[in-house]
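Asker: This is the structure, below, for whatever I ask next.
Please treat every number below as a calculation from the coordinates, not as lab data. Small disclaimer: the values here were computed from a predicted structure and weren't measured. For neighbour counting, all protein chains shown are included, and Cβ atoms are generated from backbone atoms with ideal geometry for every residue, glycine included.
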Amino acid sequence: MKTEPGSGSCIQQILQKKAQPVRRDPAKAPTHDVREELFELEARGELIVHRVPEPYLEVQTKFGRTKKIPVEHTWHHKSCGQCGHIPGYSSSIVWLHRQLGLDYVDPTDQTSCTGWNYYASGASNPAAQTAVMCRNFAAAYQAGYYPLIHCGTSYGHYKEVREELVHHQHLRDEVRRIMDKLNKPLVVPEEIVHYSEWVHAMRHRIAERQVIDMSHIRACIHAACHYHKIVVEDAIYDPNILKGERTAIITGVLQALGITVEDYSTWFDCCGFGFRHILVERDFTRSFAISRKIEVMKREVNPDMVVVQDTGCYTTLDKSQFIGKAHQRDVGIPAFSDAQITALALGAHPFRVVQMHWGSTDWRPLMAKLGIDWQTYKDEFDADVEAIRRGDKKAVTWEDCDAPVVTKTK
Amino acid sequence: MRAWEAGKQADCYPHVAREEKERLFREIKDDERYTDYLYGCYECGICVSACPSARFYNYSPRVIAQAMAREDTDRVYEILIEDIWNCAQCFSCTRCPRQNNPGGLVSIIREVAVRNGIQETRDVLQGYSRVIYKVMLKGNQVSPDMLQPEFFADWGTWVEGFTKNMREWRRAIPLESLRGVTDASWRTDHKTLVELYTIWFETGNVELIREVDEGLYELLKNTMEEELEDAEDED
């Protein structure tokens, strides 16, 4: 490109190019397609590839390849942090499936991927990590359901482990020996699918059921590092969302719900979770979360909420704000997952389903802005809790909360 | 801990034998992921600009890639002793234009540090032992009953409120596998946990814990062995 010094034409050309959506040709992808390698291994009798069941939806990934997202018949591979500390996150994902009448299973034959522990302590090894993954995948395969991964770290970790398994014969041999001992087949899914990819692929179908108007809501999003920075080619990109320069995840569904997604200068930054840090060295976690994420969002956008797609990001961005407030820092943005906001948009009970009482940041101003009379639903939930405490009610069940409850505002 | 001094040449651990440093470096380099994670370094610093830990610690993913590429065993030893636990394992550093993965290199070095029972690593992981116990025995990384005010005071008054209501709140979750469970994230079948214990033993992961915490190792080993024996008797 020939340019005149100082004419600005070079800069204009760059700006023009940057203004165009990024469209990538899969034939020019810089990485191999691991699925082709999996099928080759299957043809050699080394492993079984668990096919994505029909019906499925097709989406584009970072290098323009097509990825299949199963609509139903899914095995909900749960997340340690979501189930332990943010149960409304998991409940919301499943509630959405129930709303759409989709077949799924909530397994108890599942362990943690143990990736959080690995990234925190290094106290494991590739054989153990791979065997844990393959045991869970075999359990899903034997149950006849396709794994839908709830956790961003499980998703990233499994992709990393899959690379190792595909490329190292001795690792396959070792893991096969262990699977034989467990009387399980060596199975790897055709696609590793994160729940937020399901939410993204289903967003238009979901939006048809929206009852809460969210067109006046402004949000910042934070995409999980382990979603789009590990084995990057599996993450969903769409030239029509953020011009295809960044992953379309979260932004796509929020836009489908009518929410305005605002940019901020530290979009790419990690939340500060740190794996070991969040558990035993939180001075780092909260400092980073406050100064590089929450305060930047506040200063540049002042959004109504921050929406995430992973366990650790939710915990970090939600729980770190208390100490920021105590130190008069510029904080105060309620945190939600895409699944929770989507469930709210469809009229889910804010406490029985979305379980907002597990959140630390103040969600009340957002509820007021959405026109949701949260106090009424809180009173209902408190009555549930008291009835459980007295022994008059055993538990809250799906029968208590399957039906959307929030009054139509759209 | 002594601050990192950029550009310093001195051997900060002269009392550690060169053979020992070289042995540890060889162990790192022998990991089959090593060549997938290191391709050289432009010294452009993109990894540093993306790295959260570089903003808060004397820590640099670029230095890690550089020291590895130069096979600077003194510097690699320092990294093993002083730096690896600062990494947040977010992999923001994979923005590297040379496709280096400094976070992945840190994972390998951490594994070597654990395997070799490096005292500084044992010290760092001391407060983390209860989490290793949880994930290896219960098959979950965290649980509701870990949320106690003395451990999570910085999360505010919410934790205290939660502690008072934990049992009832856990029963008030519609998702069946979570409902009422307080000592794990979800209900896991006993058979599934026995399979998990088998994996830990078969892959040498139980023995590895001995290098981190002898007491924890004994506890995990005995408990899991008992469960495996019971499962065999049932069969």
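Asker: Considering A:Asp269, A:Asp304, which residue is in contact (Cβ under 8 Å) with a residue 60 or more places away in the chain and among the acidic types (Asp, Glu)?
Answerer: Among A:Asp269, A:Asp304, only A:Asp304 is in contact (Cβ under 8 Å) with a residue 60 or more places away in the chain and among the acidic types (Asp, Glu).
Asker: Let me ask you something else. Under 7 Å between Cβ atoms, at least 6 apart or on separate chains: pull out the pairs that start in region A:318-337 with a residue that is at the interface with chain B (Cβ under 10 Å from one of its Cβ atoms) and end on any residue that is among the aromatic types (Phe, Trp, Tyr).
Answerer: Final answer for the pair search is A:Lys319/B:Trp155; A:Phe322/B:Trp155.
Asker: Do you know which of the residues in region B:185-216 that are among the aromatic types (Phe, Trp, Tyr) and closer than 27 Å to A:His85 by Cα is nearest to the chain's Cα centre (by Cα)?
Answerer: To start, the set of residues in region B:185-216 that are among the aromatic types (Phe, Trp, Tyr) comprises B:186, B:197, B:200-201.
Right, trim to closer than 27 Å to A:His85 by Cα and you get B:186, B:197, B:200.
Details: B:Trp186: 22, B:Tyr197: 19, B:Trp200: 16 Å.
Filtering first and then ranking leaves B:Trp200.
Asker: Could you list all residues from region B:177-219 that are at the interface with chain A (Cβ under 7 Å from one of its Cβ atoms), more than 19 Å from A:Ala128 (Cβ to Cβ) and acidic (Asp, Glu)?
Answerer: Of everything in region B:177-219, just one residue is at the interface with chain A (Cβ under 7 Å from one of its Cβ atoms), more than 19 Å from A:Ala128 (Cβ to Cβ) and acidic (Asp, Glu), namely B:Asp189.
Asker: Let me ask something additional. Tell me, please, whether a residue that is surrounded by fewer than 23 Cβ atoms within 10 Å (Cβ to Cβ), within 23 Å of the chain's Cα centre (by Cα), at the interface with another protein chain (Cβ under 7 Å from one of its Cβ atoms) and more than 24 Å from A:Cys401 (Cβ to Cβ) can be found in region B:116-128.
Answerer: Here is the first cut: in region B:116-128, the ones surrounded by fewer than 23 Cβ atoms within 10 Å (Cβ to Cβ) are B:116-120, B:122-124, B:126-128.
Remaining after also requiring within 23 Å of the chain's Cα centre (by Cα): B:116-120, B:122-124, B:126-128.
In the following step, the residues that additionally are at the interface with another protein chain (Cβ under 7 Å from one of its Cβ atoms) were identified as B:127-128.
Subset that is more than 24 Å from A:Cys401 (Cβ to Cβ): B:127-128.
Yes, region B:116-128 contains a residue that is surrounded by fewer than 23 Cβ atoms within 10 Å (Cβ to Cβ), within 23 Å of the chain's Cα centre (by Cα), at the interface with another protein chain (Cβ under 7 Å from one of its Cβ atoms) and more than 24 Å from A:Cys401 (Cβ to Cβ).
Asker: Now, a different point. In region A:85-112, how many are more than 9 Å from chain B (Cβ to nearest Cβ) and part of a loop (DSSP other than H, G, I, E, B)?
Answerer: The number of residues fulfilling the criteria is 5.
Asker: Against the conditions (1) closer than 30 Å to B:Lys191 by Cβ; (2) facing chain A (nearest Cβ under 7 Å); (3) without any contact (Cβ under 8 Å) to a residue 60 or more places away in the chain, where does B:Glu111 fall short? Just the number, please.
Answerer: Exception for B:Glu111: condition (3).
Matching residues to (1) within 25 Å of A:Ala138 (Cα to Cα); (2) surrounded by 12 or more Cβ atoms within 10 Å (Cβ to Cβ); (3) not hydrophobic (A, V, I, L, M, F, W, C):
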position	(1), (2), (3)
A:Cys10	no, yes, no
A:Arg23	no, no, yes
A:Asp33	yes, yes, yes
A:Pro70	yes, yes, yes
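Asker: Here are some residues: A:Glu399, A:Glu380. Which one is part of a helix (DSSP H, G or I), without any contact (Cβ under 8 Å) to a residue 24 or more places away in the chain and not hydroxyl-bearing (Ser, Thr, Tyr)? Write out each step before concluding.
Answerer: Numbers: A:Glu380 fails: without any contact (Cβ under 8 Å) to a residue 24 or more places away in the chain.
Step by step, each of A:Glu399, A:Glu380 is checked, and only A:Glu399 is part of a helix (DSSP H, G or I), without any contact (Cβ under 8 Å) to a residue 24 or more places away in the chain and not hydroxyl-bearing (Ser, Thr, Tyr).
Asker: Within region A:272-302, track down each residue that is within 8 Å of chain B (Cβ to nearest Cβ) and closer than 14 Å to A:Gln321 by Cβ.
Answerer: Step one: of region A:272-302, the residues within 8 Å of chain B (Cβ to nearest Cβ) are A:272-277, A:279-280, A:282, A:284, A:286-288, A:292.
Hits for region A:272-302 are A:Gly272, A:Arg282, A:Arg286, A:Ser287, A:Phe288, A:Arg292.
Asker: Do you know which residues across region A:114-155 are in a loop (DSSP other than H, G, I, E, B), buried (at least 24 other Cβ atoms within 10 Å of the Cβ) and within 9 Å of another protein chain (Cβ to nearest Cβ)?
Answerer: The first filter runs over region A:114-155 and keeps only residues in a loop (DSSP other than H, G, I, E, B), leaving A:114, A:122-125, A:144-145, A:150-151.
Imposing the further condition that a residue be buried (at least 24 other Cβ atoms within 10 Å of the Cβ) reduces the set to A:114, A:122-124, A:150-151.
Listed by number, the residues that qualify are A:Thr114, A:Gly122, A:Ala123, A:Ser124.
Asker: Every residue in region A:215-233 that is touching a strand residue (DSSP E or B) at 6+ places or on another chain (Cβ under 9 Å) and either free of Cβ contacts under 8 Å to residues at least 12 places away in the same chain or part of a loop (DSSP other than H, G, I, E, B) (or both), please.
Answerer: Matches in region A:215-233: A:Ser215, A:His216, A:Ile217, A:Ala223, A:Ala224.
Asker: If we only count helices (runs of 4 or more DSSP H) wholly inside region A:234-310, which ones have 1 or more residues that are more than 23 Å from A:His194 (Cβ to Cβ)? Break it down into steps so the answer makes sense when it comes.
Answerer: On the way: elements: A:251-256, A:276-280, A:282-288, A:295-300.
In region A:234-310, A:276-280, A:282-288, A:295-300 are the helices (runs of 4 or more DSSP H) which contain 1 or more residues that are more than 23 Å from A:His194 (Cβ to Cβ).
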